[in-house]
Amino acid sequence: MNNDIKIIIAFILTILMLVLFYFGAFLPLRKSQLYIDAVRGSSQIKSVQEFNNLFNKALDFYSPVGHGEVVYAYLNIIIGIIQNQQNKDIVEILLKEADKRMEPILKEDKGNAFFQSLYSYALLYELAGNKFNNKNYYQKAADIYEIALRHSPNRPMLLYGLFRSYNALSNVEKIKEIAEIISKYFPENKNILQ
């Protein structure tokens, strides 16, 4: 093999390695750094707009790796806020932001942290339903739990979340259906059928 061919191959391999490094290491690292910066700055936030602006930097930053994990962590931060928030308008803004962040993940229907993101997303709506006794929130939680159960049909946290949501909706037929599934997979919980 002559030197010109070796140089061309070395050049192509070098370019390939740089591209792989950029997409596989640099972009995910930068996304995680932006998220960590947002978390660190979150103690100084005085408004929902500041919160969204702070986290949007990390959430909007493109990276082929790590987006699902960042959305999952972000949803868990919103869960903490909702648990301590009495203002329904603020909760509504945060729920809309969660919807916006979960929409592409739901469309893709897979990915890293997919299940965890779905569970946190459903729990977010369930907690909002508990806080404001809002049937629409409970229905949204139930719908999300149903999606998650299609991917993991006998996961206890999903079944119990769906059970709680249908219970809050007073959907007796669905309560019985989910109770039977729970008692089938977890016979030690047969009292759920009562």
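Data table
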read-out: In region 110-167, trypsin sites (Lys or Arg not before Pro) in a DSSP loop with at most 11 other beta-carbon atoms within 10 Å; value: Lys110
read-out: Helix-only CD estimate at 222 nm, as mean residue ellipticity for the chain, using -39500 (n - 2.57) per DSSP H run (n ≥ 4); value: -25500 deg cm²/dmol
read-out: J(HN,Hα) series, region 54-64, from Karplus relation 6.51 cos²θ - 1.76 cosθ + 1.60, nearest Hz, glycine and proline x; value: 5, 7, 4, 4, 6, 5, 8, 6, 6, 8, x
read-out: Between helix 3-21 and the chain: long-axis angle, C-alpha atoms, 0 to 90°, nearest 10; value: 30
read-out: Heavy-atom surface of the chain, accessible at 1.4 Å and reported per residue (Å²); value: 59
read-out: Rg/Rh for the chain, where both radii come from Cα atoms and Rh is the Kirkwood radius; value: 1.15
read-out: Sparse-neighbourhood loop sites, chymotrypsin sites (Phe, Trp or Tyr not before Pro) in region 42-140 - DSSP loop, at most 12 other Cβ within 10 angstrom; value: Tyr62
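The values are calculated or read from the model by the stated rules, or taken from the named source; none is laboratory data. Fair warning: this is a prediction, and the values are worked out from it, not measured in the lab. A quick note on method: Cβ atoms are made from the backbone with ideal geometry, for glycine too, and the neighbour counts reach across all protein chains shown. Only protein heavy atoms, including side chains, enter the accessible area calculation; ligands, DNA and RNA are left aside. Shrake-Rupley method; radii C 1.70, N 1.55, O 1.52, S 1.80 Å.
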